[in-house]
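Some notes on the structure that comes next.
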Amino acid sequence: MLRCPDALESEGHVAARLRFLPGGTPVYDLLQRTMGGLRRFDVMRKLAFQRNLCALMVEHGFRPRGARLVEVGTGWIPLDAVGFWMCGAARVVTLDLNRLLDVRLLGALWRR
């Protein structure tokens with residue numbers, strides 16, 4: 001059985017608890033920007049990962065070009081969806097249980 005590293009496990013627990021508190025999502029957002037994964041977010045590395053994922057999909061017989069895809073777990077920045085679109089997907093629907101998407105953050109990363 002695969003087990004998450006303790007750091008990832010504890011981050012998930014924090015997120016799960018903060019979302020139930022009034023103002024919890026902005027607090028978690030601040031933590032991510034100052035101490036978490038958004039502190040040194042590398043857009044090009046993420047998009048390169050998506051390119052490799054699309055290549056792997058093609059290698060296994062799935063053609064992303066013209067496909068309609070669903071991406072689950074949007075988070076703050078929908079770069080998985082953008083990556084699939086850049087690989088030729090006709091439409092990408094992106095879903096998340098929590099409304100974390102931050103359009104301002106996405107714009108700031110694009111301008112880098």
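Under 5 Å between amide hydrogens, which residues at least 5 positions from Leu69 or on another chain qualify, with H placed 1.01 Å from N in the peptide plane?
Arg91, Val92, Val93
If you stretched the chain out fully between Arg65 and Arg17, how much longer would it get, using 0.36 nm times the residue separation minus the C-alpha to C-alpha distance?
13.4 nm
Any chance you could run the full-extension gain for Val43 through Arg104? It's 0.36 nm times the residue separation minus the Cα-Cα distance, nm to one decimal.
20.5 nm
Mind checking the full-extension length gain between Leu95 and Met35? Use 0.36 nm per residue of separation minus the Cα-Cα distance, one decimal, nm.
Using 0.36 nm per residue and subtracting the Cα-Cα distance, I get 19.1 nm.
Restricting attention to the alpha-carbon atoms of the range 41-112, what are Rg (one decimal) and Dmax (integer), both in Å?
Both quantities, over Cα of the range 41-112: 12.4, 37 Å.
Hey, got a sec? Which chymotrypsin sites (Phe, Trp or Tyr not before Pro) in the range 30-99 land in a DSSP loop and have at most 12 other Cβ atoms within 10 Å?
When the chymotrypsin sites (Phe, Trp or Tyr not before Pro) of the range 30-99 are filtered for loop state and at most 12 Cβ neighbours within 10 Å, Phe62 remain.
Would you order Leu95, Leu47 from fewest to most other beta-carbon atoms within 10 Å of each residue's own beta-carbon?
Going from sparsest to densest Cβ surroundings: Leu95, Leu47.
Rule-based calculations on the coordinates, nothing more; no lab input. None of the values given here were measured: they were computed from a predicted structure. A quick note on method: Cβ atoms are made from the backbone with ideal geometry, for glycine too, and the neighbour counts reach across all protein chains shown.
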